Every structure is written in C-alpha cells, then in structure tokens.
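Each reported figure results from applying straightforward, stated rules to the coordinates on display, with no laboratory input. What you see is a predicted model; the values in this text were computed from it and never measured. In this analysis, Cβ positions are derived from the backbone assuming ideal geometry, glycine residues included, and neighbour counts consider all displayed protein chains.
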Amino acid sequence: MSDEKETSTRNTGTKTSRASILAAVRRAKPAPLPLPDPREPSRGKTSLSSESPDELVERFMDAVEAAAGSASMVDAAGVRARVSEVYPEASLAASVDGRWDFEDVRKVDASNVDVLVCAGMLGVAENGAVWVPESGMGLRAAPFLAQHLVLVVSRTEIVEDMHAAYDRIRIDEDGFGAFIAGPSKTADIEQSLVIGAHGPRSLLVLLVP
Amino acid sequence: MSHDFMELPVVDHAANAERFNADVERTTWHDESLWHIRGKRDRAAASVEGWEELRELASQIKSHMLSRLDHYLVQFERQAEANGVHVHWAADAAEHNRIVHAILERHGAQRIVKSKSMLTEECGLNPYLEQHGIEVVDTDLGERIVQLMEEPPSHLVTPAIHVRKEEIGALFHEKLGTDAGSIDPQYLTEAMRQNLRARFLDADGAVTGVNFGVAETGGFVVVTNEGNADLGVHLAPVHVACMGIEKLIPRADHLGVFLRLLARSATGQPLSIYTSHFHRPTPGRELHVVLVDNGRTNQLARPDFRESLKCIRCGACLNTCPVYRRSGGHSYGTTLSGPIGSILTPGLDLEKFANLPFASTLCGSCGDVCPVKIDIPRQLHTWRQVAARAGHLSRGKRLVMRWAGRIFGRPPWYRRTGRVLRSLLRLLPRKLLYGPHNAWGRARELPNVPRQSFGEWYEDNRGKG
C-alpha cells in the first residue's frame, strides 16, 4: 500500500465525515453525566472475600470443566508427560520456543499442529478463563488453528473475577491478547451444543505450582 | 442475497407474524428454543452476587460515555493511531461500504472471511462487496447457514435460530455434499469446520464487528464462541473492524463490568469462549477500524430514545419477549429485531417502521433483563405516541383510538357505552361476536360479562345515604 493512496482516502469522504460526525455528537449529546467507579460501592461479587487460594483454584477448575474444558494439576516438569498422556495420538505437539520440550510452533506449519501448549498469564475463578497475551501464543493464529489447546497457568495466578483480572493485566501490553474460556463451541444448530466449531476441539488447563 | 422484504415500503409486523404462526408446530418450537436460552440467562444472572449493582454500573458507564461521546471518539482515534491502527469515519452505510471496499481493493483482496457483525448487516456490506466482485464468506456457523439460505439473520446472537436441523441437513447436502438425510448437529458442524478451514487459510482479507472499543487504550474487543473471528483476522493480511460509534467505553477496567454481563445475558455462559483484545496489527499486516454513525447521532439527539444506544447486543430482550418468540425475527423486517430493534429502527425511518413499537404487549420483561437497563417498554410506548402524532397509524387503529379517547374522556359516555356493550356481549349471537373484526377472540374467549359495572354496584350497595 502506498502512503499517497492512503492520504487520498483520508482526505475525501472520511475527513469531512469525521468533522460532521463529531459536530453532530456535540449538538446531540446530553449534559455531562458522572462516571461511576467500577470498584465502588459494590461491583457484583461472585465470591466471599474470605476465599482461600486453594478454594479459588478449586472454583477455577470447576469453571473450566463447566465450559467443557478439563483442568488438572501437574509439576512444571510434568507438563510434557501429561500432554502425551492426554493426547497419545498427537503427531505434532508444539509450544512457543519449544518450551517443555515440544516443537517450536514458529518453526512448523501452524495449521498442522495437533496440540499447542501455551503459557497463560492468569486464570479467572468465576468463569474458567485464562488470559493469554500474544507473547504466550508464538503466532496469533496458533491457539485458534491447533486441533487441541493446552494452557499452562500457575496455581498462584488465579484471581477471583474479571474485575480482578483487569486490575492485574495491561490489555495493550502486547498487540493482541485473549481470554480463552473453553474449547471452541457452537450451538447454532437447534441449540445443540457442539464442541470443536472452528477452533480447538478440546482445552486442557494445566495448573503448575 | 435476497433481502427482499427489506425493500418493502412499510413493514407490517402483524401480517408477517401471522404467516409465521401459520406453522403452529414450528412456532411452538421457536418459542421454546428461545425460552430455554432465557432460562439459562436467569440461572447465570442469579449466580452473580450483586448482579443488579453490576447492571446499574454498566448503565451509568454507558450513559456517561454517551454524554461525552465526542471526547471518547477523539481519544480512541488518537490512541488507535498511535498504536499503528488506521481509523476511518463513515457518516452512513454507503460511506462505510465504500471505505471497506477501498481498503480491500488496495490489498487486492478477493476472498473475504467475515465474523458476525450486525453493523455490516445494517449497512448491507455483503451485497455491496459482491457487486464489486469480492467474495464474502460469513464464518459464524449460524450466519453461514442463513447466508447459504440467502436469508438475513433472524436473531442478533443466534442468526439461524428459526431454522430446523432437517433444513440445515438438506442445505448442507446441497452446498457441502454432506450425506442426504444426515441431520446430526455434530456431523453438520464438522462438515462446515472442514469447509471453512480451507477458506480461512485461503482468505486475503478479514472483516469483523466490534463488541467494545476502549477509548483509553485505542483498542477493541471481539467476542466469539467458535473462534471464527480470530481464525479469520490472524490469517489474513488485512483486518477491517467495523464499529458503531456507540460501542465505546472509557477505560480498560470497564471491560470487567460489561463482559461479566454480556455472555450471561446472551447465552447464560459466564464468559464467551474467546474474548479477543486487539491493539496493534501483526507486524507487516494492517489493522483498520471504521467508525460508523449511520443514524446514531440522530438517535443521540432524541432525549426520549438516546438510551437505546447503550445496547451491547446480547439479545436477552429478544429471548424473553413473548411477541418475538412467537413471531420470529424476520417478521420485524429489520436487521435488529425484537424489542431493541423496535426502539432503534423507527429512528432510521419512522414511516417504514412505525408498526414495530406496536409489536409488543408492553409486559416489561425486556426492560427487566436488559444488562444495561435500557427502559425499553417506556421507549416502545413513547414511539407509539410519536408514530400516532406523525399520522402513521392504520385507519382502523386511528378510528378506534379517536373514539376510545372521546369515550374515556367523558364519564357519562363511558358509563353509557359500558352498559350498551355489556348487553350486546350477552345478547348477540356468538357468530357475530367472534366475527373477523374480533382479532382478540380468534384464539381466546371474551371475558364473562358481569350484570353491572363496579360503579353501578357501588351506587346500589354503598352509595345510598
């Protein structure tokens, strides 16, 4: 794309529309209304604040299972063995930079990956979601292309709910990042739940110390 | 694409609903499917302590955003451009389509994969691109089904909610070569997975909608269960995200509020499977955001109706609406059907959609489930008044309303009319009472007629002395 062409697009319709839309908003908008603070007074708690770290982990694992994923605890050294055990037929298992002794996802054809193993930054107890920034994916498309996805999360990185999750992450730290909360699914045919719509057919969350 | 009914001059919801209702078994099935989703939504909402506070918070954040929309639009644009995202502004549907086409054309893109976007439906992007020789494949399973059927979506979250699996089986047999008579959802979904995977890998452009734009960071969030948006955008060299200007929220931590509400209200899930946050393009590729007005600033200028712009497109008001459930999305003749469509669409073309605010019993359930607390029933009622004042009521309704107004405004007339009607209801033969003029009596018995009104009874028993 040449810069010249880009400029010509911007200078035609879109530039006058920018001015006209902003002018229309200024004419139409109501008087300023206050912005409430999501932290005060109550932001919709999903749990008691007395919840212990172990209880949080348990609730997180239940939520992963409820979303048709599976969750289990392993030692950091046991990731490779657990993946082989759960996916014995996988002919290509990959990870970012070949971590945990898998193939490097950037050195293989990502569309042929059977099992992709990614590091998640944190898990959310209320919904079983795992935050995976781009740096944990290797390639942006990889976690969506793989037939099966494994997310490795530290047991100490489980937070209570989405508010706590957004307190901990910076959404623009990487160019892309996603909460992943289960295997790909659809219910578009008569509301029948089908796992493995376009993305991974299963999700395994491994909790490491 | 045959969006034929969109071109009709005036939408007659009642007539369309009658056609839908002709198939009693299908109507019952449709009703029950949606009520099932409503039930899941209720259980999910009940599981969150402080759900009502969360709704209130979401409502206030959106109200605040609308009151400073110009500020947040400029902030979003500045941040996004600093992130290397190209930002475009479209005053209307035509400009939106031209901009998207120009971007794709510059990239020589011919095979586009698109994830669900009600905005691009609203703008008619698919037919526009197809006219310009660009192939567009909708990749959400439900949207792909209705695209292959050459129909518009009938529901903003589950586009093919009106289609039976037997019909999908026959459609896939014809279009994808699945086994004749196979209707197993697992099998049919797998067939589409295989078919679309090749298209994802082959696509040279991707178009998505936007669930939330974050002014503070200049990024945006797209939510799917299937992973189709991500497969599309991460494989194609250019990603165009189309976003209504009202989709902004001020800050990143507000996402926690809205995401906790969205999926629970939509499908009863605690969170959609994929909540993707886009801030910068993949190195060597391009990321574009098109900000679209298309009537939104007009709606913002209407104090009675501007709250409708807070909608986060969860579909809860459709799932709960007794009229939507029994008339189907297509009967509304709009991109957005159901209660939310009935308050947003008359603002685009009052004459054409004057009928829609009447497609409601005003039972209030839509307002009760709305995660951002839009006062939908009040707006439906107010739109009725606007439509009446503008002369858009049918002749029959106008006549009845005029006479009702006169009678209700004059107590002696009211008492006399009551006496006459009570006698007539007792004396007239059934055949006459339940004639074609009596729409209410088509499926219901009229109430039993008391001998006297409460006023008369009071006069007789308590009034004297």
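Any idea what the alpha-carbon Rg over 2.2 N^0.38 Å comes to for the range B:91-224? Numbers along the way, then the final one.
On the way: Rg = 15.9 Å, N = 134, 2.2 N^0.38 = 14.1 Å.
Its radius of gyration relative to the 2.2 N^0.38 Å reference: 1.12.
The value obtained for the range B:328-465, namely the Cα convex hull volume divided by the number of residues, is 176 Å³ per residue.
Report the gain in length on full extension from residue B:131 to residue B:180: 0.36 nm times residue separation, minus Cα-Cα distance, nm rounded to one decimal. All intermediate terms of the calculation are to be shown ahead of the outcome.
Numbers: separation 49, 0.36 × 49 = 17.64 nm, distance 3.26 nm.
Full-extension gain reported as 14.4 nm.
With the Kirkwood sum run over all distinct C-alpha pairs, the range B:127-204 has a hydrodynamic radius of 13.2 Å. The fraction of all Cα pairs in the range B:238-281 landing in successive 5 Å bins from 0 to the largest distance is 5, 16, 22, 27, 21, 8, 1, given as whole percents. On a 23 Å Cα-Cα criterion, which of the cross-link pairs A:15/B:62; B:373/B:397; B:116/B:352; A:29/B:247; A:29/B:373 come out too long? Those over the limit are A:15/B:62; B:373/B:397; B:116/B:352. Residues A:59, A:168, arranged from fewest to most other Cβ atoms within 10 angstrom of their Cβ, appear as A:168, A:59.
Report, in whole Å, the centroid distance computed from the Cα atoms of the range B:314-348 and the range B:386-448. Between the Cα centres of the range B:314-348 and the range B:386-448 lies a distance of 28 Å. Over the C-alpha trace of the range A:127-209, radius of gyration and Dmax come out as 13.8, 42 angstrom. Percent of Cα pairs in the protein assembly as shown per distance bin of 10 Å, from zero to the largest separation: 3, 14, 24, 25, 17, 8, 5, 2, 1, 0.
Across all Cα atoms of the range B:42-105, the radius of gyration (one decimal) and Dmax (whole number) stand at 18.0, 50 Å.
Note on the range A:121-157 and the range B:35-50: Cα centroid distance 27 Å, given to the nearest whole angstrom. With no solvent and one equal point scatterer placed on each C-alpha of the range B:147-251, evaluate the Debye formula and give log10 I(q)/I(0) for q = 0.11, 0.18 Å⁻¹, two decimals. Computed log10 I(q)/I(0) values: -0.46, -1.02. Taken along its principal axes, the alpha carbon cloud of the range B:240-363 reaches lengths of 51, 32, 26 Å, longest axis first. From the Kirkwood radius over Cα pairs of chain B, Stokes-Einstein at 10 °C and 1.306 mPa s returns a whole-number translational diffusion coefficient of 65 µm²/s.
When peptides B:119-131, A:82-94 are ranked by their average number of other Cβ atoms within 10 Å per residue, the highest-first order is B:119-131, A:82-94. Remark: the residue B:430-residue B:363 segment gains 21.1 nm on full extension, using 0.36 nm per residue and subtracting the alpha carbon distance. Distance from the Cα centroid of the range B:118-143 to that of the range B:356-380 is 30 Å (rounded to whole angstrom). The simple spin-label model puts a point 7 Å past each Cα toward its Cβ; for residue A:101 and residue A:81 those points are separated by 0.9 nm.
Pull out the extension gain between residue B:150 and residue B:36, defined as 0.36 nm times the separation in residues minus the alpha carbon to alpha carbon distance; nm, one decimal.
Values: separation 114, 0.36 × 114 = 41.04 nm, distance 2.69 nm.
Net length gain for the segment: 38.3 nm.
Taking all C-alpha pairs of chain A, those more than 28 Å from each other amount to 43 percent. Projecting the Cα atoms of B:242, B:222, B:10 onto the charge dipole of chain B (Cβ charges, centred on the Cα centre) puts B:10 farthest toward the positive pole. Shown in residue order for the range A:171-179 are the 3J(HN,Hα) couplings computed by the Karplus curve 6.51 cos²θ - 1.76 cosθ + 1.60 at θ = phi - 60°: 5, 9, 4, 9, x, 8, x, 9, 7 Hz (x for Gly and Pro). The spread of Cα positions in the range B:206-305, taken along each principal axis and listed from longest to shortest, comes to 45, 30, 22 Å. Out of every Cα-Cα pair that the range A:90-147 contains, those further apart than 19 angstrom amount to 26 percent. When DSSP beta bridges are restricted to pairs lying wholly in chain B, around 25% turn out antiparallel.
Using bins of 10 Å that start at zero, the share of Cα-Cα pairs per bin across the range B:47-153 amounts to 12, 29, 29, 24, 6, 0, in whole %.
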